[in-house]
Amino acid sequence: MNLLKNRIVNEGVALTENILKVDSFLNHQLDPNLMHEVAKEFAHRFEGKGVTKILTIEASGIAPAIMLGYIMQLPVVFIKKKKPSTMENMLEAQVYSFTKQSENTVSISRDFLSADDNIVFIDDFLASGNAVRGVIDICGQVGAKIEALGFVIEKGFQGGGDKLRQEGYRVESLAIVDSLENGEVIFRD
Ligand code: G4P
C-alpha cells in the first residue's frame with residue numbers, strides 16, 4: 001500500500017535496527033484519513049469471506065480495527081491487557097512481550113466470542129507474533145475460526161509473519177519492512 005509506505009518513509013524513525021517509531025500517524029497521534037484508507041484496503045481483502053467480527057488488542061490496534069468494523073458493518077472487540085475486576089466469565093491467554101520482556105495475561109469476555117465466529121484479527125504491528133499467539137489461543141478455547149490476520153505494519157525481519165504463513169494462516173500486512181539498518185526503511189516487494 002503505497003500511501004502507507006510513503007508515510008512510513010517520510011515520518012517513521014528507525015529508533016534502532018529493530019524498532020520503527022511511527023508516532024505521528026499510528027501509535028500516538030492518529031491520522032483518521034490514513035486509518036480510513038488502511039481499513040478500506042483491509043475491507044477489500046476480506047470482503048465476501050463470511051467474517052462475523054473484528055478482533056484487536058488494546059491499544060494501538062483499536063484505531064484501524066474500528067474503521068474496518070465501520071466499513072464492513074461488523075462488531076469490533078478489543079482484547080484487554082489488564083484483567084478487569086468487574087468482569088467474570090473471561091477467556092485468558094499468556095502473551096510474552098519481546099519489546100517489554102515480560103509475560104502478560106490478556107483477556108476477553110466469553111460474551112463476545114463464540115464458536116459461531118469467523119474472526120479477522122487486526123493489529124498495528126506484527127513483530128515476533130507473540131500477541132497473535134495469545135489471540136490464536138483464545139479463539140481456540142471457544143472454537144472461533146480465524147479467517148485472517150491483518151497488520152498495518154509487519155516487521156518481516158522478525159519472522160513472526162512468515163512462521164504464521166507457513167502454519168497456514170492468512171496474514172495480510174499492508175507494509176512489510178524487511179530492514180531498518182542504518183536508519184533506512186527497506187520494504188519487501
Ligand atoms: P509481537 O506481539 O509481534 O511479538 O510484538 P512484541 O511483543 O515485540 O511487541 C510488543 C508491543 O510493541 C506491541 O505493542 C507491538 O505492537 C509493539 N511493537 C513491536 N515492534 C514495534 C515497532 O517496531 N514499532 C512500534 N512502534 N511498536 C512496536 P503494545 O506494547 O501492545 O502497545 P500498544 O498496542 O498499546 O501500542
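Things to note:
- Test: residue in region 144-152 that is surrounded by fewer than 15 Cβ atoms within 10 Å (Cβ to Cβ) and closer than 27 Å to His44 by Cβ: yes
- Here region 1-46 is the region considered, the condition is being of a type in the set (Gly, Ala, Ser) and either part of a helix (DSSP H, G or I) or crowded, with 17+ Cβ neighbours inside 10 Å (or both), and the residue that is farthest from the ligand (Cβ to nearest atom) is Ala43.
- Single residue of Ile79, Ile108, Ile66 found to be closer than 20 Å to Ala131 by Cβ, within 16 Å of the ligand (Cβ to nearest atom) and open to solvent by 80 Å² or more (accessible area, probe 1.4 Å): Ile66
- Selected residue [in a helix (DSSP H, G or I) and either in contact with a strand residue (DSSP E or B) (Cβ under 8 Å, 6 or more places away or on another chain) or touching a residue at least 12 places away in the same chain (Cβ under 8 Å) (or both)] from Phe157, Phe125, Phe78: Phe157
- Phe112 meets all of the listed conditions (1) touching a residue at least 24 places away in the same chain (Cβ under 8 Å); (2) touching a Ser or Thr at 6+ places or on another chain (Cβ under 9 Å) but one, namely (2).
The values are calculated or read from the model by the stated rules, or taken from the named source; none is laboratory data. From a predicted model like this one, the values you see are computed outputs, not experimental measurements. A quick note on method: Cβ atoms are made from the backbone with ideal geometry, for glycine too, and the neighbour counts reach across all protein chains shown. Side chains are part of the model used for accessible areas, which takes the heavy atoms of the whole protein and leaves out ligands, DNA and RNA. Shrake-Rupley method; radii C 1.70, N 1.55, O 1.52, S 1.80 Å.
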